[in-house]
1. Can you spot a residue in the range 273-281 that is in contact (Cβ under 8 Å) with a residue 40 or more places away in the chain, in contact with a Leu (Cβ under 9 Å, 6 or more places away or on another chain) and of a type in the set (K, R)?
2. Would you be able to tell me the number of residues in the range 232-246 that are of a type in the set (S, T, N, Q) and open to solvent by 30 Å² or more (accessible area, probe 1.4 Å)?
3. For the range 203-218, how many residues are open to solvent by 10 Å² or more (accessible area, probe 1.4 Å) and farther than 14 Å from D273 by Cβ?
4. Looking only at the range 268-288, which residues are modelled with pLDDT of 95 or more and either part of a helix (DSSP H, G or I) or not polar (S, T, N, Q) (or both)?
5. Give all pairs with beta carbons closer than 7 Å in which a residue from the range 41-68 that is at positive phi meets a residue that is at pLDDT 95 or above and open to solvent by less than 10 Å² (accessible area, probe 1.4 Å); count only pairs at least 6 apart in sequence or on separate chains.
6. Among Q124, Q119, which is of a type in the set (S, T, N, Q) and either in contact with a Pro (Cβ under 9 Å, 6 or more places away or on another chain) or within 19 Å of T38 (Cβ to Cβ) (or both)?
7. Among the candidates A140, A150, single out the residue that is crowded, with 20+ Cβ neighbours inside 10 Å and under 27 Å from G92 (Cβ atoms).
8. Keeping to the range 208-231, report how many residues are of a type outside the set (V, I, T) and either part of a helix (DSSP H, G or I) or closer than 15 Å to G168 by Cβ (or both).
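The values are calculated or read from the model by the stated rules, or taken from the named source; none is laboratory data. What you see is a predicted model; the values in this text were computed from it and never measured. Cβ placement follows ideal geometry from the backbone for every residue including glycine, while neighbour counts extend to all protein chains displayed. Calculation scope for accessible area: heavy atoms of the full protein, side chains included, ligands and nucleic acids excluded. Shrake-Rupley method; radii C 1.70, N 1.55, O 1.52, S 1.80 Å.
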Amino acid sequence: MAQDTHVLDRPPEGAAADWTIPQNWQAYTAEEHATWDTLFERQAKLLPGRAAQAWLNGLHALRLSESGIPNFEELSERLMKLTGWQVVAVPGLVPDDVFFDHMANRRFVAGNFIRRPEQLDYIQEPDVFHDVFGHVPMLADPVFADYLAAYGRGGVRAMELGALKQLGRLYWYTVEFGLVEEAEGLRIYGSGIVSSSAESRFALEDPSPNRIRFDLARVMRTEYRIDDFQQNYFVIPSFDELLRVTIETDFAPLYAKLLAQPDIAIAEILPEDEVITRGTQEYARAKD
């Protein structure tokens, strides 16, 4: 979901009315393909034992280990057979209504550019590695695929009710930076974590962040940061439970309640929180 103010108010030249553009796969250079391979190799070694099984299954099912930047047409063909989703290229961040419409119709928007070699560890705007390596494996999971489609449908209603900020926090703390509890322990599934070498370790192993049991209203009141590691991670018990809560909740009265309440500051622990790990916040203090 767009988190930046640098979003155009109309499709740029060369884009369709729905903001999609050709991926232009044949135009990628050897260096760009090599950048993908470097990033992929580093993360592929790191994620077994850290990433959720659903994410690992999706990586295998979609054959993302093949060398070079994936061709969206071929990737979409595989994904469509599994969950009815496809991947479409866009020129960058898109307006919220465009984002929600694509998602509600099982189209995942992805940037078609890739970071430069000197940006391997961090890039501010999501590139094809973040979008495809980070997000798309989870779209091969039927339950999570249904969750994202439901999120897209809910986005339009949130815009009408003035609750985009609250809904955006749900996306942030699940799709981008979510943890799930599996039989072997906590695992990462959020794309912002699985596509980051450093945060893949930090989210699970560092003593600094809080790890808190997921609660829908709590998550939607909680502020977050976009410029560094997270100080809170929220842990879902399963993807089935995440989908159930999303489908069964009547969001209109929930938004009304949330809009009347103050936001919860980053790193704050509430008395009613089910805390899995109370963080030291040492990393955050060291950055202040």
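1. At the first step, the residues of the range 273-281 found to be in contact (Cβ under 8 Å) with a residue 40 or more places away in the chain are 273-281.
Now drop any that are not in contact with a Leu (Cβ under 9 Å, 6 or more places away or on another chain), which leaves 276-277.
Subset that is of a type in the set (K, R): none.
Checked the range 273-281: no residue is in contact (Cβ under 8 Å) with a residue 40 or more places away in the chain, in contact with a Leu (Cβ under 9 Å, 6 or more places away or on another chain) and of a type in the set (K, R).
2. Count: 1.
3. 4
4. Answer for the range 268-288, where residues must be modelled with pLDDT of 95 or more and either part of a helix (DSSP H, G or I) or not polar (S, T, N, Q) (or both): E268, I269, L270, P271, E272, D273, E274, V275, I276, R278, G279.
5. Pairs found: G68/W36.
6. Selected residue: Q119, the only one of Q124, Q119 that is of a type in the set (S, T, N, Q) and either in contact with a Pro (Cβ under 9 Å, 6 or more places away or on another chain) or within 19 Å of T38 (Cβ to Cβ) (or both).
7. Within the list A140, A150, the selection yields A140.
8. Of the residues in the range 208-231, 9 are of a type outside the set (V, I, T) and either part of a helix (DSSP H, G or I) or closer than 15 Å to G168 by Cβ (or both).
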